[in-house]
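J.: Below is the structure I would like to discuss, written out as structure tokens.
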Amino acid sequence: MHKDLLTVEDVSAEDLQIMLELAARMKRDRLDWHDQPLKGKSIGMIFSKSSTRTRVSFEVGIHELGGNALFLDRNDLQIGRGETIQDTARVLSRYMHGAVIRTHSHSDVVEFAKFAHFPVVNALTDKFHPCQILADLFTIKEFSGKLSGVKVAYLGDCASNMGNSLILAAKLAGLHLAMASPEEYRPDKDIIEHGVLESGSVSWSPDPKEAAKDADYLYTDVWVSMGHEAEKEQRLKLLAPYQLNESLVACAAPGAMIMHCLPAHRGEEITDAVMDSDNSIVLDQAENRLHVQKAIMTMLHNDDWDRLLSKE
Ligand code: CP
């Protein structure tokens, strides 16, 4: 595995296979898991943005792996008063064994990782949210038994960290990703064209019904992400036709599953009826953050996860 997890591109197809298998073992044996791959290690959690799922699942996961999570609000660090990212990364490398960072600019986490002497995990930037999407791959595999060839329709703001990450995940796992958004929120062309698409596909349409047609999974996310509050009025207006509601569900494959990385703004990007339907797997997605991030931390901080996989 790469030193850091900054984007899905840091994960190879082989890494993904191991990660999903390890996460499945950790989920199955959670109450009876005695290995502590983070024993004696302190992991800094540097957050510049709010979080429920990411913060709590990482703190609990690091604890369950025997490590110590230090939550560091960016404003409590000198970095909030002008100390450089480079100096902060070098100093923290003298104390800690890893960092999990949620921040605005993706280039900040890249720079931190460049100067840090330990593994760095991207816990969301404006450009990518790899931990969410890797957990989503785990969830899809859990429900479909496979990833390759599964059709996922993503509706709403496709020019977002989730849109970007889903494109990379589709390429990695061979998903058929059908995206739908207004012209203003089209997916990033460079990310679609970057790298090799060996299997699966990525398509875009302005028509949500076309994207949703025969989809196995319907996925949406908030329309006004952190940092976009000034565009709220425009976003609500332009994205309204992309609401995940019962008429869109009717276009999908029978029994299509409903996904949302949460937090949801009910009544905006998703209706209560769809969010609370029997086919909604949003809470499974949230839970699986814990298991997959434990697998990620184990792989980044150890070389002997083969041993964990060989145990029954
Ligand atoms: N999905 C997600 O990252 O949730 P939080 O913002 O609550 O961490």
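J.: For Asp76 and Glu287 in the same chain, what is the full-extension length gain: residue separation times 0.36 nm, less their Cα-Cα distance, in nm?
T.: 73.1 nm
J.: How are the Cα pair distances of region 241-312 distributed, in percent, across 10 Å bins from 0?
T.: 17, 36, 20, 18, 10
J.: Taking the simple approach of a point 7 Å from Cα along Cα-to-Cβ for both Ser93 and Glu246, what is their distance in nm?
T.: 5.7 nm
J.: Taking a cut-off of 24 Å, what percent of all Cα-Cα pairs in region 1-107 are separated by more than that?
T.: Above the 24 Å cut-off, region 1-107 has 32 percent of its Cα pairs.
J.: Order by neighbour count: Phe143, Phe118, fewest other Cβ atoms within 10 Å first, most last.
T.: By the 10 Å Cβ count, ascending, the order reads Phe143, Phe118.
J.: Report the dimensions of region 157-245 along its three principal axes from the alpha-carbon atoms, largest first, rounded to Å.
T.: 39, 27, 18
J.: Right, something else. Could you tell me the extents of region 72-129's C-alpha atoms along the three principal axes, largest first, rounded to whole Å?
T.: Cα extents, longest axis first: 28, 24, 17 Å.
J.: How long are the semi-axes of the ellipsoid equivalent to region 98-208, from square roots of 5 times the Cα gyration tensor eigenvalues, in whole Å, largest first?
T.: 25, 18, 12
J.: Could I ask something else about it? Out of region 110-173, which trypsin sites (Lys or Arg not before Pro) are coil in DSSP terms and have no more than 12 other C-beta atoms within 10 Å?
T.: Taking region 110-173 and a limit of 12 other Cβ atoms within 10 Å, the loop trypsin sites (Lys or Arg not before Pro) found are Lys146.
J.: Which one of Val121, Val152, Val274 has the biggest mean-square fluctuation once the chain is modelled by GNM with Cα springs under 10 Å?
T.: Val274
J.: Could I ask something else about it? Please find the FRET efficiency linking Gln36 to Ser199, where r is the Cβ-Cβ separation and R0 is fixed at 41 Å, and quote it to the nearest 0.05.
T.: Efficiency, from the Cβ-Cβ distance: 0.65.
J.: For a protection proxy built on the mean count of beta-carbon atoms within 10 angstrom, sort 172-179, 76-83, 16-23 highest first, please.
T.: For the peptides 172-179, 76-83, 16-23, the packing ranking is 172-179, 16-23, 76-83.
J.: May I pose another question? Across bins of 10 angstrom width beginning at 0, how are the C-alpha pair distances of region 169-312 distributed, in whole percent?
T.: Bin by bin from 0 Å, the calculated values are 10, 32, 35, 17, 6, 0.
J.: What residues from region 91-105 fall in the zone where the backbone N is under 18 Å from a label point 7 Å along the Cα-to-C-beta line of Thr84?
T.: From region 91-105, the list is 91-94.
J.: Cα axis of helix 130-144 to longest principal axis of the chain: angle in degrees, 0 to 90, nearest 10?
T.: Around 60 degrees separate the two axes.
J.: Here's a follow-up. Over the alpha-carbon set of the chain, divide Rg by the Kirkwood Rh and report the Rg/Rh ratio to two decimals.
T.: Dividing the radius of gyration by the Kirkwood radius yields 0.96.
J.: Taking 25 °C and 0.890 mPa s as the conditions, I'd like the Stokes-Einstein D for region 12-54 in µm²/s, using the Kirkwood hydrodynamic radius from alpha carbon pairs.
T.: D = 185 µm²/s.
J.: What is the count of Lys pairs in region 1-134 whose alpha carbons sit under 25 Å apart, if the two are 8 or more places apart or on different chains?
T.: Here the count comes out as 14.
J.: Show which lysines lie in cross-link reach of Lys237 when reach means a straight Cα distance below 22 angstrom and same-chain residues fewer than eight apart are skipped.
T.: Lys209
J.: Let me ask something else. In whole percent, what relative contact order does the chain give with Cα contacts below 8 Å and a gap of six or more residues?
T.: It comes to 19 percent, rounded to a whole number.
No value in this document is a laboratory result; all are computed from the given coordinates. Here the structure is a predicted model, which means the values were calculated and not measured. Cβ atoms come from the backbone with ideal geometry, glycine included; neighbour counts cover every protein chain shown.
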